[in-house]
Structure formats: structure tokens, C-alpha cells
1. Of the residues 20, 93, 73, only one is part of a loop (DSSP other than H, G, I, E, B), at pLDDT 85 or above and either among the aromatic types (Phe, Trp, Tyr) or touching a helix residue (DSSP H, G or I) at 6+ places or on another chain (Cβ under 9 Å) (or both); which?
2. Read through the list (1) part of a strand (DSSP E or B); (2) in contact (Cβ under 8 Å) with a residue 60 or more places away in the chain, then give the number of the only condition that residue 28 fails.
3. Take the residues of region 46-70 that are touching a helix residue (DSSP H, G or I) at 6+ places or on another chain (Cβ under 9 Å), modelled with pLDDT under 90 and farther than 15 Å from residue 17 by Cβ: which is surrounded by the fewest Cβ atoms within 10 Å (Cβ to Cβ)?
4. Determine whether region 1-16 contains at least one residue that is part of a strand (DSSP E or B), modelled with pLDDT of 90 or more, under 21 Å from residue 91 (Cα atoms) and open to solvent by less than 30 Å² (accessible area, probe 1.4 Å).
5. Could you grab me the full set of residues in region 71-97 that are of a type in the set (A, V, I, L, M), within 19 Å of residue 25 (Cβ to Cβ) and surrounded by 14 or more Cβ atoms within 10 Å (Cβ to Cβ)?
Amino acid sequence: MTGADAFFRGSQIYDPVALLRQGDETLYVARVGRKASRQFMILTPTGELAWPHEPLGSLSDVAWALRAHGWHLVAPEPIGESTQQAKTLARLLTDRT
């Protein structure tokens with residue numbers, strides 16, 4: 001089990017949505033708050049914010065943040081209970097390429 005696996009497993013605040021890998025770097029997209037929340041964060045494997053301009057209000061905002069930081073060519077891998085949000089994020093990143 002990785003540090004991120006333990007972090008998400010023990011968290012009632014973060015619901016993991018997607019994993020992105022680029023070289024030796026890894027980022028996680030997680031929904032923040034309750035199940036109905038529409039806020040997202042991009043986190044490092046240690047659970048820290050990847051960039052200071054978060055939380056983000058939509059998956060579209062997540063896609064724009066990933067694009068701004070050069071992660072738009074990385075295919076998100078679904079993690080967590082539902083794969084739909086990861087698929088939506090992948091489509092948003094592809095649509096803007």
C-alpha cells in the first residue's frame with residue numbers, strides 16, 4: 001500500500017477520482033467534502049496541494065489547472081468507487097488539446 005492509498009483510505013474528506021503519472025511524478029484528483037460536493041483538489045502523494053489555487057469548483061477547472069501546469073497530455077487513471085468523473089476529466093483534457 002502506498003502512502004497515498006493509506007491517506008485516501010483513512011480520509012472522510014477526500015474521495016479520490018483520478019491518478020495522473022508523468023515521469024516520476026504522481027498527482028491525485030480528489031473530490032473534497034461530502035459526497036454531493038462539487039469541489040476538487042489536485043494533491044501530491046503526501047496529501048499536499050499540488051498548487052496553491054485550490055480548491056477548484058468543477059472538473060473543467062481541474063482540466064484547466066492541469067493544462068496550466070503542463071499535465072494536459074497525461075491520461076487520468078480512474079481510482080475510487082466511480083470511474084465516471086475520471087472519464088469526464090479525460091474527455092475535458094482531450095477536448096482542449
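The values are calculated or read from the model by the stated rules, or taken from the named source; none is laboratory data. Please read all numbers here as calculations on a predicted model, not as lab measurements. Ideal geometry is used to build each Cβ from the backbone, glycine not excepted, and the neighbour counts take in all protein chains shown. Each accessible area value is taken on the protein alone, full model and side chains, heavy atoms only, with ligands, DNA and RNA left out. Shrake-Rupley method; radii C 1.70, N 1.55, O 1.52, S 1.80 Å.
1. Values: 20 fails: part of a loop (DSSP other than H, G, I, E, B); 93 fails: part of a loop (DSSP other than H, G, I, E, B).
Among 20, 93, 73, only 73 is part of a loop (DSSP other than H, G, I, E, B), at pLDDT 85 or above and either among the aromatic types (Phe, Trp, Tyr) or touching a helix residue (DSSP H, G or I) at 6+ places or on another chain (Cβ under 9 Å) (or both).
2. (2)
3. 46
4. Step one: filter region 1-16 for residues part of a strand (DSSP E or B), giving 14-16.
Still in the running and modelled with pLDDT of 90 or more: none.
No - not one qualifying residue is present in region 1-16.
5. Residues of region 71-97 that are of a type in the set (A, V, I, L, M), as a first pass: 73-75, 79, 86, 89-90, 92-93.
Among the residues that remain, those that are also within 19 Å of residue 25 (Cβ to Cβ) are: 73-75, 79, 86, 89-90, 93.
Once the filter is applied, which keeps residues that are of a type in the set (A, V, I, L, M), within 19 Å of residue 25 (Cβ to Cβ) and surrounded by 14 or more Cβ atoms within 10 Å (Cβ to Cβ), region 71-97 yields 74, 79, 86, 89, 90, 93.
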